[in-house]
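The values are calculated or read from the model by the stated rules, or taken from the named source; none is laboratory data. The structure displayed is predicted, hence computed values, not measured ones. Because the Cβ atoms are built from the backbone with ideal geometry, glycine has one as well, and the counts that use them run over all protein chains shown. Accessible surface is based on the protein model in full, side chains and every heavy atom, while ligands, DNA and RNA are left aside. Shrake-Rupley method; radii C 1.70, N 1.55, O 1.52, S 1.80 Å.
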Amino acid sequence: MEKGLLASLNLRREKKMPVAVVTMLKDPGQWLIDSDEDGSAPDHIVGNARVALAEDKSQLVNDEGGSYFIHVYNPPLRIVVVGAVHIAQALAPIAAAVGYEVAIVDPRGAFATEDRFPGLEISNEWPDEALRKLGLDDRCAVVTLTHDPKLDDAALEVALASEVFYVGSLGSKKTHGARLKRLERLGIDKEAMARIHGPIGLPIGARSPAEIALAIMSQITQVRHSQERP
Amino acid sequence: MKDNLEDVLGVAAKWRAEGRGVALATVVRTWGSSPRPIGSQLVVDDTGSMLGSVSGGCIEGAVVLEAREAITDGNSRLLDYGVTNEQAWEVGLACGGKIQIYVEKVD
């Protein structure tokens, strides 16, 4: 790989732009391909690379053009955490280690501070507004931890109207039952509400904030991989 | 992902900018159970320093040697590892899978 190509690749990764690198495995030839550029690669390779990008699937291809590897680099998955509480402080480093980017949302200024969440994207706006601005997509998970219906419900309304791959809400079965009734009154249908994982996290008997964070991260991982294309 | 523990490509660029010889190893194909998925990468420098992984530690030693040769001769390599490999007892995969790894110099 030429260092110029590596630099272009890293620049796109830094800007969170999806990009693929195609490498001929038995002959010379390596191209950087995204939705705008193709590095003058052969047409059929460009076509296959863009399909691989859309499917988020790196793969080895053998065809009339030879044997080549399409390496897909998509931006990192994200977790939006609503509620800058103790569990969120434990969840942030675990999520980062698994490779997720974390954004923290909490309008209560005393909670969502740079001191408590060093280096993370923090929003102090009301959750519905904050989530709209963050631009939720199918590479996002939303976790609500505030225990405050005003905040959690506002976030859930936006999350359930989006394509996020995971929604989870902290609270006991009883709390979750009450939450579903409130959401029903807001006009959210049952199918949408069924997307909420509540009580949140895999049942591993978690008690401490760190253990609960571990249970949440495990569940997000499980859901992500169960939704992958074969 | 610049703060990620495994920013292999960022480190590759950094090491290259420092004047080190650098090679990248990438998992391009897997059969059966394999420890790391397709696209997993390992960066190696000319002293044998490495970051990332292409297996669970089973074959990294062998891949580092190939990577250092690639840094020296400039040639890319396509390597096969698995229990059917004649080197199985030395650098095979305990899990019984097979993987193909592409090693290239960063010029």
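Brief remarks follow.
- Qualifying residue in the stretch A:151-159 (condition: assigned to a helix (DSSP H, G or I), in the same structural domain as residue A:104 (by TED's automatic domain parsing), of a type in the set (Asp, Glu) and open to solvent by less than 50 Å² (accessible area, probe 1.4 Å)): yes
Here's the yes/no breakdown for (1) surrounded by 18 or more Cβ atoms within 10 Å (Cβ to Cβ); (2) in the same structural domain as residue A:135 (by TED's automatic domain parsing); (3) assigned to a strand (DSSP E or B):
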{"position": "A:9", "(1), (2), (3)": "yes, no, no"}
{"position": "A:20", "(1), (2), (3)": "yes, no, yes"}
{"position": "A:35", "(1), (2), (3)": "no, no, no"}
{"position": "A:47", "(1), (2), (3)": "no, no, no"}
{"position": "A:54", "(1), (2), (3)": "no, no, no"}
{"position": "A:61", "(1), (2), (3)": "no, no, yes"}
{"position": "A:88", "(1), (2), (3)": "yes, yes, no"}
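- If the condition is being more than 9 Å from chain B (Cβ to nearest Cβ) and in contact with a helix residue (DSSP H, G or I) (Cβ under 8 Å, 6 or more places away or on another chain), then the stretch A:1-38 contributes A:18, A:19, A:20, A:21, A:22, A:31, A:32, A:33, A:34, A:35, A:38.
- Looking only at the stretch A:107-145, residues that are more than 19 Å from residue A:161 (Cβ to Cβ) and part of a loop (DSSP other than H, G, I, E, B) come to 16 in all.
- Residue A:96 satisfies every condition listed in (1) more than 14 Å from chain B (Cβ to nearest Cβ); (2) surrounded by 12 or more Cβ atoms within 10 Å (Cβ to Cβ) except (1).
- Check on residue B:65, within 14 Å of chain A (Cβ to nearest Cβ) and either assigned to a strand (DSSP E or B) or open to solvent by 70 Å² or more (accessible area, probe 1.4 Å) (or both): no
- Note on the stretch A:149-186: residues that are of a type outside the set (A, V, I, L, M) and free of Cβ contacts under 8 Å to residues at least 24 places away in the same chain total 7.
- Sole exception among (1) touching a strand residue (DSSP E or B) at 6+ places or on another chain (Cβ under 8 Å); (2) open to solvent by 20 Å² or more (accessible area, probe 1.4 Å); (3) farther than 30 Å from residue B:78 by Cα; (4) of a type outside the set (Lys, Arg) for residue A:66, by number: (3)
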